[in-house]
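Participant: What follows is a structure written as structure tokens; I'll ask about it next.
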């Protein structure tokens with residue numbers, strides 16, 4: 001029997017990269033997937049790849065109403081929520097001086113507010129699953145970054161968002177851990193995803209050069225960390241995993 005048989009897992013930002021890889025990995029462990037993102041066409045392709053009865057939900061989780069509706073649809077169609085992965089994120093690097101304010105707003109909306117919206121909507125269902133499911137535990141995982149551990153020049157607002165979700169995750173963990181809702185944080189280093197494609201010049205070129213000089217993580221590497229976190233025995237909570245390319249120094 002697969003380790004997540006009989007569970008439902010919801011993944012945001014599931015249309016590409018780490019979210020897509022995590023959805024595939026959780027499905028391989030027996031979970032029924034609820035795939036949430038803005039790009040419905042990609043979600044449909046992923047659902048067909050996973051097979052079974054994956055649920056596709058097109059939603060922009062920076063909008064609290066859409067986030068809540070996505071969660072309610074997930075529960076209505078599957079009857080439960082056992083694992084939630086807050087994965088949607090954006091990285092817009094560059095100097096703070098004369099930075100486009102809309103980039104700062106976008107990072108706060110996607111990297112922080114979307115996490116809060118999804119967490120707020122899923123908490124009651126995760127707590128119910130922890131108290132009633134045969135596993136006796138549920139999991140809320142947020143994909144953060146090594147940028148949540150060390151600040152760097154030109155990364156101030158991105159750092160702010162990642163440090164922020166780390167603090168929120170730890171405070172929430174302390175609040176709900178005795179109710180067997182495990183709250184975890186996965187902090188990847190340089191990973192080969194679409195994230196850097198949103199950068200303006202010269203930051204995009206700088207990131208491409210960085211990738212040429214090291215072998216980055218693959219999305220599947222991060223997905224394996226998520227699976228490890230959520231498949232531990234009920235007595236074990238992995239609260240934080242930092243995962244870097246072997247060649248990454250910081």
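Participant: Would you confirm, using the coordinates I've provided, whether residue 50 is more than 22 Å from residue 181 (Cα to Cα), touching a strand residue (DSSP E or B) at 6+ places or on another chain (Cβ under 9 Å) and in contact (Cβ under 8 Å) with a residue 24 or more places away in the chain?
Facilitator: Yes.
To keep it simple, each residue is scored yes or no on (1) crowded, with 22+ Cβ neighbours inside 10 Å; (2) over 26 Å from residue 37 (Cβ atoms).
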{"residue": "105", "(1), (2)": "no, no"}
{"residue": "108", "(1), (2)": "no, no"}
{"residue": "135", "(1), (2)": "no, yes"}
{"residue": "140", "(1), (2)": "yes, no"}
{"residue": "144", "(1), (2)": "yes, no"}
{"residue": "149", "(1), (2)": "no, yes"}
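Participant: Among the residues of region 211-235, write down those that are in a loop (DSSP other than H, G, I, E, B) and within 14 Å of residue 247 (Cα to Cα).
Facilitator: Answer for region 211-235, where residues must be in a loop (DSSP other than H, G, I, E, B) and within 14 Å of residue 247 (Cα to Cα): 213, 214, 215, 216, 218.
Participant: Take the residues of region 233-250 that are out of contact with any strand residue (DSSP E or B) (no Cβ under 7 Å at 6 or more places or on another chain) and touching a residue at least 40 places away in the same chain (Cβ under 8 Å): which is surrounded by the most Cβ atoms within 10 Å (Cβ to Cβ)?
Facilitator: My answer is 244.
Participant: Separate question: Looking at (1) loosely packed, with under 14 Cβ neighbours inside 10 Å; (2) in contact with a helix residue (DSSP H, G or I) (Cβ under 6 Å, 6 or more places away or on another chain), find the lone condition where residue 48 falls short.
Facilitator: Condition not satisfied by residue 48: (2).
Participant: Mind listing whichever residues of region 13-31 are farther than 20 Å from residue 228 by Cβ and crowded, with 24+ Cβ neighbours inside 10 Å?
Facilitator: Correct list: 15 only.
Participant: Does residue 184 qualify as being part of a helix (DSSP H, G or I), under 15 Å from the mean Cα position of the chain (by Cα), farther than 14 Å from residue 91 by Cα and at pLDDT 95 or above?
Facilitator: no
Participant: Please go through region 53-70 and give me each residue that is surrounded by fewer than 16 Cβ atoms within 10 Å (Cβ to Cβ) and in contact with a strand residue (DSSP E or B) (Cβ under 7 Å, 6 or more places away or on another chain), ordered by number.
Facilitator: Passing the criteria: only 53.
The values are calculated or read from the model by the stated rules, or taken from the named source; none is laboratory data. Owing to the predicted nature of the structure, the values given are computational and were not obtained by experimental measurement. Quick reminder, even Gly has a Cβ in these numbers, built from the backbone with ideal geometry, and neighbours come from all protein chains shown.
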